[in-house]
Amino acid sequence: MLRRSFLKQAVAATGATALSARIVVATDLSQRVARIIREYDQQGVHRTGTKVDEQSARWLARQARQSGAAPSLEPFTLNRVDPRMCHLQIGERRIEGLPIFDGSFTDAGGVRGRIGPLDSEAEIGLTEATPNAEYVPAYAKMRREARHRAIVVVTRGARPGPDGAGRDAPGRRRSCRAPPGAA
């Protein structure tokens, strides 16, 4: 066999082996990632400061240890608002939502009144926003200047249906007048 033929065959064989090894590694990685996401999802609602959050932290530390890392958990205290209920009810239709956490909250009776666009004379202002709109200056201005007794923000995500995007409270220490809600 000529040296040229030998080298071509060797390179071809090595390349094929390396390619099949990469495919096996990619498949193993995909399966591992899918398993980790499935396990995380099955733990429950991951809200900061809850039992599930604590259990997830321990689970994640075990995952990191199994991968050779040396994780540590650092406990911390926080003030958290746990809303009991937040919904918009129009006639018999009830739409569940989340509060916007930078405003005041209502009692169980909520706010009653007409709903209308922001800056209308309605008691309840209605607007739409994208996820993370609370970090846009126009949103902060709207919150400061609202004259409604409540504001309903319809969150519009990338996909139709509930996106679970709650409104954060980047200016939590500053109070806004209207008790807000998000649907």
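General remarks:
- Working note: Karplus 6.51/-1.76/1.60 with θ = phi - 60° gives region 92-98 the couplings 8, 8, 10, 10, 6, x, 10 Hz, where Gly and Pro are set to x.
- Protection proxy ranking, peptides 37-49, 65-77, average beta carbon neighbours within 10 Å, highest first: 37-49, 65-77
- Label point distance in nm, Arg62-Thr48, each placed 7 Å from Cα along Cα→Cβ: 2.6 nm
Taken together, the values in this text are just the output of simple stated rules run on the coordinates, not laboratory data. If you're wondering where the values come from, they're calculated on a predicted model, not measured in any experiment. Glycine gets a Cβ as well: all are built from the backbone with ideal geometry, and neighbour counts include every protein chain shown.
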